[in-house]
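To start, the structure under review is shown below, and the notes come after it.
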Amino acid sequence: MARTARGFLADTTPLRTPAFKRLWIAAIVTVVGAQLSVVAVPTQLYQLTGSSAWVGLTGLFGLVPLIVFGLWGGAIADAVDRRGLLVFTGSGLAVTSLLLGLATVTGIGGPWEVLSLYAVQTAFLAINQPTRAAVLPRLLPRDQLPAANTLLFTVTQLGAIAGPLLAGVALTFTSVGTLYLVDTVCLTASIWAAYNLPRLPVGDGPGGVRGVFLAVRRSAGIGGVLAGFRYIAMSQVLLVSFLVDTVAMAVGMPRAVFPEAAEQTFGDPPGGGPALGALFASIAIGATLGGLFSGRLHGIRRQGVAVTLAVCVWGAGVALSGLTSMLWLAVALLALAGAADLVSAVFRQTMLQVVATDEMRGRMQGVFTVVVAGGPRLGDLWHGPAAEAWGTGVATFVGGVGVIVLTVVVVAIFPVFWRYRAPLAGDEPSTEPSGDAASADPPERPGKVPED
């Protein structure tokens, strides 16, 4: 019974690889620090201006560099030693957090300076994230990638819960500037983990900072980015993985209705209360629990089926949460949706890492980053007006049902995604990224990279 129970817990096999273990430990530290800054930036802007309109500008100043540098950064990651790029972008993140902290502590700079530094930091983050994901197939055997992605996604969700809670407590006895400085210290763990990776060149280009700048020059044109989109179009498995996630988030993410629902449906006082916090935390709580009890995921080969069903469960959880006036039930249903979203994210990430060749992984991860971050913002755009017109419950229900319908339509149009099976360790790789071939076998067999 004990062995059976352990089988349902997260698979920690990837942590036996020292390079991945360092990345994972660093992620535990840095994700909490990053969430401190997520709270600090809007809080500081409101303190400086007293205006929510200024706070709303963080969406624009965050989304634009995320899209531009997420796509371009993926192209850079495909032309450079990825270890050097991780060290460079991690250092950039730390420096911008330090500058934000110093500006706050000294009182130098106003809202425009804060927004500008926030945009620069987002640009570094948009390059760092796809690069970090692209290195995993070079560090781990192919069959360990689902477990590795689950461990990383679980840490991210835990940070999304713990970071804001810690920030809220800390702000009762310290300043916003302290949060930035703590984030700076936390980021040194990420730089340390990246520095201790083996060299991870793509091709025979130089490493180090010089290699990064040469890669920026080589990938400065739009051609590298467009090549990534052409590659996606040639592989139906990758194309559908992006489409179903866009559907899930752009159609089904209901966070824009949470403030009104908390007050009008669940009885919060004006300005927010426990219901609002519970609604915002519910999806992350579900994703965290899904990650902690994910032991059975690593053996699933029919990953196309798993993603399709997970996205439909996400839609069902969201839709049903819009039909209840009981807070505990709405939170439970949204937590179920969050657990399903984690399953979808793990297998979609694994597909990208396995199906894409090493020369294209950076660009694929860049698109993944843009889709994951941009989809919920698209969901915000229509959920708000829909809630105004129909009410929060109807808007949430329609979004959830829409996810299920559109997902079924997309997978019916591209049935190769439903038939996709993860290759076994001994499978021979395919060499072309097009059509059914791409869904059956990946175009490269990754292997372990030895330690320095």
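The values are calculated or read from the model by the stated rules, or taken from the named source; none is laboratory data. Only a predicted model underlies this, so the values are computations on that prediction, with no experimental measurement involved. Note that we place each Cβ from the backbone using ideal geometry, even for glycine, and neighbour counts take in every protein chain shown.
Okay, here's what the table says:
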quantity	calculated
Given (1) at pLDDT below 90; (2) under 28 Å from residue 229 (Cα atoms); (3) among the hydrophobic types (A, V, I, L, M, F, W, C); (4) assigned to a helix (DSSP H, G or I), index of the condition residue 31 fails	(2)
Residue within region 330-337 that is surrounded by fewer than 24 Cβ atoms within 10 Å (Cβ to Cβ) and either without any contact (Cβ under 8 Å) to a residue 12 or more places away in the chain or of a type in the set (Gly, Ala, Ser) (or both) present	yes
Flag for residue 279 being within 21 Å of residue 372 (Cα to Cα) and touching a residue at least 60 places away in the same chain (Cβ under 8 Å)	no
Some residue of region 238-251 being assigned by TED's automatic domain parsing to the domain that holds residue 417, surrounded by 16 or more Cβ atoms within 10 Å (Cβ to Cβ), at pLDDT 85 or above and more than 30 Å from residue 385 (Cβ to Cβ)	yes
Hits in region 301-329 (condition: more than 16 Å from residue 405 (Cα to Cα) and buried (at least 20 other Cβ atoms within 10 Å of the Cβ))	303, 304, 306, 321, 322
In region 277-304, the residues that are part of a helix (DSSP H, G or I) and of a type in the set (A, V, I, L, M)	278, 279, 281, 283, 284, 285, 287, 289, 292, 297
Segments classed as helices (runs of 4 or more DSSP H), wholly inside region 50-162, with at least 3 members that are polar (S, T, N, Q)	82-106, 111-139
Test: residue in region 260-270 that is under 22 Å from residue 13 (Cβ atoms) and either acidic (Asp, Glu) or in contact (Cβ under 8 Å) with a residue 60 or more places away in the chain (or both)	no
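Conditions tested, residue by residue: (1) among the basic types (Lys, Arg); (2) in contact (Cβ under 8 Å) with a residue 40 or more places away in the chain; (3) surrounded by fewer than 23 Cβ atoms within 10 Å (Cβ to Cβ).
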{"residue": "100", "(1), (2), (3)": "no, yes, no"}
{"residue": "109", "(1), (2), (3)": "no, no, yes"}
{"residue": "113", "(1), (2), (3)": "no, no, yes"}
{"residue": "117", "(1), (2), (3)": "no, no, yes"}
{"residue": "121", "(1), (2), (3)": "no, yes, no"}
{"residue": "130", "(1), (2), (3)": "no, yes, no"}
{"residue": "135", "(1), (2), (3)": "no, yes, no"}
{"residue": "138", "(1), (2), (3)": "yes, yes, yes"}
{"residue": "143", "(1), (2), (3)": "no, yes, yes"}
